[in-house]
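First the structure, in the form of structure tokens, and then the observations on it.
The values are calculated or read from the model by the stated rules, or taken from the named source; none is laboratory data. Since the model is a prediction, treat every value here as computed from it, not as a measurement. FYI the Cβ positions are ideal-geometry reconstructions off the backbone, even for glycines, and counts take in every protein chain you see.
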Amino acid sequence: MDTYKIILEAHSGIAYVALLTIAIAVINSIIGISAKNEFKPKDRRIALFALIATHIQFVFGLILYFVSPNGLAKIKAVGMGGMQAYDRLLALEHPLVNLIAIALITVGWSSHKRADENKKFKKIAVFYALGLILLLSRIPWQTWIG
């Protein structure tokens, strides 16, 4: 198996972990808000695992962008005007929107650390949920589950 295929498989596999941990962090935070729970080390770890998973996913995605024929190589080969919708999704929309999503998740993590105790869950819930929605919106579903 060549390097491209290995990185592609890793990127796809880690995506399950990243999406699951983000969803768990969002659900945990919503439960924490509704139950008016204290933000405990367990809650911090859940949010941290989601952050780490998304950053690992980002690293594999960034490598993939440069070694894949569907990333930067596609833009160089046909230009932005020559791409079909699916090509544009893989080469531009997926990486750009996912970068924004990961930035939002990172902002949620950073801002929860400075937030008052009663707003920590809210910071995680809002920013991680926005990130999750963006990630889900730009997954190339026909390739990923097909």
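Only one entry of ALA91, ALA101 meets the criterion of being at pLDDT below 95 and surrounded by 22 or more Cβ atoms within 10 Å (Cβ to Cβ), and that entry is ALA91. Among the residues of the range 88-117, those identified as in contact (Cβ under 8 Å) with a residue 40 or more places away in the chain and of a type in the set (S, T, N, Q) are ASN98, THR106. Scanning the range 29-47 for residues that are surrounded by 14 or more Cβ atoms within 10 Å (Cβ to Cβ) and assigned to a helix (DSSP H, G or I) returns SER29, ILE30, GLY32, ILE33, ASP43, ARG44, ILE46, ALA47.
In the range 107-122, which residue that is over 17 Å from ALA35 (Cβ atoms) and crowded, with 18+ Cβ neighbours inside 10 Å is farthest from the chain's Cα centre (by Cα)? Break it down into steps so the answer makes sense when it comes.
Narrowing the range 107-122 to residues over 17 Å from ALA35 (Cβ atoms): 107-116.
Among the residues that remain, those that are also crowded, with 18+ Cβ neighbours inside 10 Å are: 108-109, 112.
Working: GLY108: 13, TRP109: 13, HIS112: 18 Å.
The selected residue is HIS112.
Against the definition (part of a helix (DSSP H, G or I), under 19 Å from TRP141 (Cβ atoms), in contact (Cβ under 8 Å) with a residue 60 or more places away in the chain and touching a helix residue (DSSP H, G or I) at 6+ places or on another chain (Cβ under 6 Å)), how does ILE22 come out, yes or no?
Working: part of a helix (DSSP H, G or I): yes; under 19 Å from TRP141 (Cβ atoms): yes; in contact (Cβ under 8 Å) with a residue 60 or more places away in the chain: yes; touching a helix residue (DSSP H, G or I) at 6+ places or on another chain (Cβ under 6 Å): yes.
The answer is yes for ILE22.
For the range 1-19, a residue qualifies if it is part of a loop (DSSP other than H, G, I, E, B) and among the small types (Gly, Ala, Ser), but none of them does. Taking the range 1-48 as the search range and keeping residues that are among the aromatic types (Phe, Trp, Tyr) and farther than 16 Å from ALA125 by Cβ, which one is modelled with the lowest pLDDT? It comes out as TYR4.
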